[in-house]
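A short write-up of the structure that comes next.
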């Protein structure tokens, strides 16, 4: 019966609120959703089985997992929640917390619980989490909540500060939210410049603006990388939805340096900034379970007529991060190599483990030339800040089986530094950015890199040795530009060294990648790794592609002529009575 | 009104209505003995037969053939569940097409009727059809040739063994454990007694929950990156690895294994997999390098408690063996 009473109370309070809001002139604010005490007992059960491991016994964000996570789990005690519909600094609505639990926080360890817990369990654990807030009180009459997104509970007066409202464009298309008119994107870019979003988010939105930020608890924090929108915490499993950005601009992210921009931007303007930010994120097929782009497990090296131009800026190296199955490539990019997406994780297997790798993924583009007998790999990745300490340079490496010819079938060396029977060949490029300081303003020209290359032979995790032979791998071009490192490797297909991989064409070759963030003092096995991928040197287009189709078509035309001739002849024979038609039963 | 046209409309409009309006009703979340997709399909076929009978429609045999073929296509593509791979789909459709052809050529009359428009198009009595066919077909053939010659590469398919054969014994931290007879030393009580107990809160009250708490602590410091906060193999790093990390919620993993088997897998990881049936390509670390023996056992205890599965046992009490 208490439940019934509660519902009555709820309806009454809604009615009361509606009455207050009806006149619409007064600046009326709502009160927070009070804690439903009836749900606390069941919520506690869920919390102490599922949540306590990260969020801790008292909700202080200090569970056993916390110290090895970046970003750290939420500390509930202060009532500070990032993803809300309410104004900066205000408590969240129940619906906000419910959605967070349901969909998880992408790019963090918080998974989506929507399919794992029942609806009631989610509702009750949210009530329990609210009860963990100590510094504020959800039933305090002085607590205000203004719903600045949908504006259901509040009328915020003039348009500049009002609810977000609808986007100024008609609907977007499909799961990738394409089709926002360019004029809005361009307008958004101007607002981005004017409001200095780049101070934190960097010149091209890779979050490379400010290295010194702290959250409310004094832990270091970085700005979101807009080019990897699948890691946006509030993405709610709808990665490409511009609403995610529009909401963040409207509400700010409590506990972080991200303010709201409602003073500076009207509702439609916030949508335009969202359109611009959203346009930066490459469209990739997103795995429905892991919510990350599906890796391109086959890295295809494009055959190049004559010599490859060893310049990252050259038109022959341009390609789109977006999957051409989603948005087809423009005419000038059609023949260029694709940019392959390689997923990276921390090395948490051996030795000093890396629980918080700074690079989530790499992009690899590759060409090869029969004339030069050489292959080129352009490896790119987003890195917010570069190292300033020569003892810990940034680095990226490509790993190959050293004895490809000895591998049988799908056999591969162990994926970290090979094993005793199957050695690996590692090409490692280490570099420092010249004239660089992490606090510099965005630099459109980018920074040149001080580069050194080394080759290693790996015969197991603790058996890594410098190759004695002279290095044959070259770094032909490299740059650090607006938060992205770009390094172009080159090597001859065939070399002399005993432990050099000999690269055949038209054959699947295992390949994997390592990456070190110098600024976080990553070195040796303390690094980010990928699993084994395959690469293949694609052959030139066969000449038969141009003469075979017309020949076959001509042959088919002859066949058609024959068929017509035959059919007519048979008819004639029937008509002249030389042959009898098959008789039908009477 | 042309009866052929009526028949065509009966088929097309009927299919549209059935597929969009009635199909959703027959595919509820809880499948019933009547409300299921196959009953729906039979109803659709019955609808076609009955309307044709009542309206006395007799479409030409080529259209009947088209209907029969279309019904088969619809069944394999949309009704049959779970969806079948496209290779299988093509195999089925080839067989269905042969069946349709047999239906058409069941007697000389229908077969001749079926052939008539084709012959007319070939000899040029249907002039327009002849011109279109004679031009379109060679272009299509040329295009198909181009497509088949154009080099394209797919990543190689790799088959692998899911469950390796365990060794008879495993040596961890200097002590040898026979896998057949080793039990979890921390399984001090019946697991089901602690379904409603809490880690941390009840850790002081029950020895069992103390071990579960300690095991969970280790899990959430080391294992969740791959195996996930929900133990479902969807941790933050899981998308990086191939094969993907094991899903402990799935009835095919820890639920069907002995604790000693898991002890061996956790201790030795990917590098400790037996040589036969390689390549394994497992990214599982050999945890003996990072964890103490008792920590490994506690993690295993926690995994069973959290998922609710019971370890498989070989012995007098076990009937599964």
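All of the numbers you see were taken from the coordinates with simple rules; none came from a lab. Source: prediction; values computed, not measured. No Cβ is skipped: glycine too gets one built from the backbone with ideal geometry, and neighbour counts run over all protein chains shown.
Roughly how many nanometres apart are two label points built 7 Å out from the Cα toward the Cβ at residue A:496 and residue B:23?
6.7
How high is the relative contact order of chain B? Use alpha-carbon pairs under 8 Å, at least six apart in sequence, and give a whole percent.
Details: 307 pairs, mean separation 38.6, N = 321.
After rounding, I find 12 percent.
Using a/c under 1.5 as the rounded threshold, could you call the stretch A:419-462 rounded, prolate or oblate? The axes a ≥ b ≥ c are square roots of the C-alpha gyration tensor eigenvalues, and prolate needs a/b larger than b/c, oblate otherwise.
On the way: a/c = 4.69, a/b = 3.57, b/c = 1.31.
Here the stretch A:419-462 falls in the prolate category.
Could you state the angle between the C-alpha long axis of helix B:61-74 and the longest principal axis of the C-alpha atoms of chain B, as a value from 0 to 90 degrees rounded to the nearest 10?
Its long axis makes an angle of about 10 degrees.
Quick one: pull the percentage of alpha-carbon pairs in chain B with a separation above 35 Å. Working shown, then result.
Numbers: 26999 of 51360 pairs.
Here the long-distance tail beyond 35 Å is 53 percent of all Cα pairs in chain B.
Dividing the alpha-carbon Rg of the stretch B:150-249 by 2.2 N^0.38 Å yields what?
Working: Rg = 19.0 Å, N = 100, 2.2 N^0.38 = 12.7 Å.
Rg over 2.2 N^0.38 Å, computed on Cα atoms: 1.50.
So what's the back-of-envelope 222 nm ellipticity for chain B, counting only DSSP H runs of four-plus at -39500 (n - 2.57) apiece and dividing by all residues, rounded to 500? Walk me through the intermediate numbers first.
Details: 11 runs with 150 residues, N = 321.
Rounded to the nearest 500, the figure is -15000 deg cm²/dmol.
Distance between the C-alpha centers of the stretch A:545-585 and the stretch B:186-221? Whole Å please.
82
Assign one of three labels to the stretch B:3-106, namely rounded, prolate or oblate, based on the Cα gyration tensor with a ≥ b ≥ c the square roots of its eigenvalues; rounded applies when a/c is under 1.5, prolate when it is not and a/b is larger than b/c, and oblate otherwise. Before the final figure, lay out each step's value.
On the way: a/c = 2.37, a/b = 1.20, b/c = 1.98.
Note, shape of the stretch B:3-106 comes out oblate.
Across peptide A:358-364, how many C-beta atoms of other chains are within 10 Å of each residue C-beta, on average? Write out the running numbers ahead of the final one.
Details: counts 0, 0, 3, 2, 0, 0, 0.
Per residue, the number of nearby Cβ atoms from other chains is 1 on average.
Quote the relative contact order of chain A in percent (integer), defining contacts as alpha-carbon pairs under 8 Å separated by 6+ residues.
On the way: 1176 pairs, mean separation 67.4, N = 586.
Relative contact order comes out at 11 percent.
Using a Förster radius of 60 Å, what is the FRET efficiency between residue B:113 and residue B:177 based on their Cβ-Cβ separation? Nearest 0.05, please.
Working: r = 78 Å, r/R0 = 1.30.
With a Förster radius of 60 Å, E is 0.15.
Name the shape class, rounded, prolate or oblate, that the alpha-carbon gyration tensor gives for the stretch A:268-363, where a ≥ b ≥ c are the square roots of its eigenvalues, rounded holds for a/c under 1.5, and otherwise prolate holds if a/b is larger than b/c and oblate otherwise. Spell out each step's value before the answer.
Values: a/c = 1.97, a/b = 1.13, b/c = 1.75.
In terms of gyration-tensor shape, oblate.
How big is the gap, in Å, between the Cα center of the stretch B:93-160 and the Cα center of the stretch A:283-312?
A separation of 37 Å, based on Cα centres.
If you restrict to DSSP beta bridges whose two residues both lie in the protein assembly as shown, what percentage is antiparallel, to the nearest 5? Don't skip to the end; give the middle numbers.
On the way: 70 of 77 bridges.
About 90 percent, rounded to the nearest 5.
Report, to the nearest 10°, how far helix B:37-54 tilts away from the longest principal axis of the Cα atoms in chain B, using its own Cα long axis and a range of 0 to 90°.
10
When the scattering of the stretch A:124-268 is computed by the Debye formula from its Cα atoms alone, each counted once and equally, what is log10 I(q)/I(0) at q = 0.09, 0.14 Å⁻¹?
Here log10 of I(q) over I(0) equals -0.34, -0.85.
Given the rule -39500 (n - 2.57) for each run of at least 4 DSSP H residues, summed and divided by the residues of chain A, what is its mean residue ellipticity at 222 nm, to the nearest 500 deg cm²/dmol?
Working: 10 runs with 126 residues, N = 586.
Roughly -7000 deg cm²/dmol at 222 nm, from the helical runs in chain A.
Just the Kirkwood number for the protein assembly as shown, please: inverse of mean 1/r across all distinct Cα pairs, in Å, one decimal. Please list the in-between numbers first.
Numbers: mean 1/r = 0.0307 Å⁻¹.
Kirkwood hydrodynamic radius for the protein assembly as shown: 32.5 Å.
Helix B:127-149: angle to the longest alpha-carbon principal axis of chain B, degrees 0 to 90, nearest 10?
Helix B:127-149 sits roughly 20 degrees off the main axis of chain B.
How high is the relative contact order of the stretch A:319-377, in percent, with contacts defined as C-alpha pairs under 8 Å that are six or more residues apart? Working shown, then result.
Details: 62 pairs, mean separation 16.0, N = 59.
For the stretch A:319-377, the relative contact order is 27 percent.
Any chance you could check the Cα centroid distance between the stretch A:217-238 and the stretch A:88-112 for me, in angstrom?
So the two Cα centres are separated by 13 Å.
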